[in-house]
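Heads up, the thing below is written out as structure tokens.
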Amino acid sequence: MANNGITINEILEVANSANLQETGGGHNQKGVDFQRYWALMRIFQVESSGQDDFLFLFEAIQDIAEFDSSLSPSTVTVYQVKKKDRGEWEWNDLTGLPSLKRNPSKTVSQKQLTKSKSSPLGKLYAATIAFTNIKSRGHFISNAGCNFPLVGGGNSATSVPCTLASLDHPFRDLMKKGLELIHKTGMPAPDLDRLKIERVPLHPDSLSNTVVGEVTTFLNKRSPRHRGQAQTLVDSLMAIIGPLGRRTDRCNTFDEMKERHGFLRQDLISALGDLEEIPDLLEYMDRWLQTLANEGITAIELTAIRMAASAYFSRQVMGAHTRQEQALVATCDEWLKHNTQNGTISEFFNQAHAALSLIHPRIRRPEILAIFALRAIRKCVDQT
């Protein structure tokens, strides 16, 4: 295994190489969303596999780079993730090379071969072979198939994921000739097994629904009591992943690279941990709200409190609490240290609101009562 310092330096060198980046400038927002939602599906696939660590870098090395460790990577998969609104990807679209379907023995000029260097698969291959100290491979991912002829008469547009080594011989040989131009002098012949093309069942017009379905399946196995929170989890993770890679200036350290571009397994574990608190506390909240209803609190106010509690939890999973909320939490905790329930729950809530609203006059009553209730429940749970 390569020295970890050498490996980290190589990752930084590849990521900071302008000619190896795929910064998303050619994508519209739907294209960026497609990348992010696909990445989220892939993250849950990796987590489901039992892998003990991973790191995804966004817009650092091509569209996405997946490492097997956030500390000591030994393998990387470099991804180009592209949506297509209609039709299939044709040979020339992805390779820059002329098609040989009508004339398999056609002679291709050097000028035509050089176009493969700036093609999507050429760029993907260049980023893949830039790694010499860790094992690397490249994947082209899309919602559309690739109309490439395969050995035996099949077609990659309708087949299972396949490597470029499966191409029909004339196309495979031409692809090798084009990729050889990317190689440095003395390098071995291009290994087409290192490049894979894959069509994924992710439609650009139903990204969220598809991923929420995948995450529901994950939660049903991992934590069945929380499967109803799949949408909240997806929204919160998208809020984390969305901004990654927006800063394009040079990263000087691996930690800086991870901070600007990275999503770690620990980020997922933290989000799952926050999520797992929600059903338990909300179950207690529902009991308290039912008691408040029995004591005469109106349905309108109860609904407002419940909605405020759900919104608070969503922001908690996203790690997006405002300073105002954080201050209110601290005030609630302090008030609960010195006050206990002596009468009904509604009397207890009214006493708390009277005190807390003086300190936080700009926060609406439902938000104050929701956060107060959750902090009071948390205190009860912690004491049991």
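A few comments on the model shown:
- Taken over region 181-212, the residue count meeting the criterion of being surrounded by 14 or more Cβ atoms within 10 Å (Cβ to Cβ) and free of Cβ contacts under 8 Å to residues at least 40 places away in the same chain is 3.
- Looking only at region 233-247, and only at residues there that are over 17 Å from R315 (Cβ atoms) and surrounded by fewer than 15 Cβ atoms within 10 Å (Cβ to Cβ), the one that is modelled with the highest pLDDT: R246
- Candidate set from region 28-56 (those that are in contact with a helix residue (DSSP H, G or I) (Cβ under 8 Å, 6 or more places away or on another chain) and within 12 Å of V215 (Cα to Cα)); member that is surrounded by the fewest Cβ atoms within 10 Å (Cβ to Cβ): S48
- Flag for D255 being within 29 Å of A60 (Cα to Cα), among the acidic types (D, E), at pLDDT 90 or above and surrounded by 15 or more Cβ atoms within 10 Å (Cβ to Cβ): no
- Among the residues listed as S119, S136, the single one being hydroxyl-bearing (S, T, Y), closer than 27 Å to H203 by Cα and touching a residue at least 24 places away in the same chain (Cβ under 8 Å): S119
- Considered as a group, the residues in region 308-361 that are loosely packed, with under 13 Cβ neighbours inside 10 Å and under 26 Å from the mean Cα position of the chain (by Cα) include one that is modelled with the lowest pLDDT, and that residue is A320.
- Evaluation of T340 against (1) hydroxyl-bearing (S, T, Y); (2) under 30 Å from G228 (Cα atoms); (3) outside any helix (DSSP H, G or I) (one fails), failing number: (2)
- Meets criteria (assigned by TED's automatic domain parsing to the domain that holds N143 and over 23 Å from S310 (Cα atoms)) for G228: no
The values are calculated or read from the model by the stated rules, or taken from the named source; none is laboratory data. None of the values given here were measured: they were computed from a predicted structure. In this analysis, Cβ positions are derived from the backbone assuming ideal geometry, glycine residues included, and neighbour counts consider all displayed protein chains.
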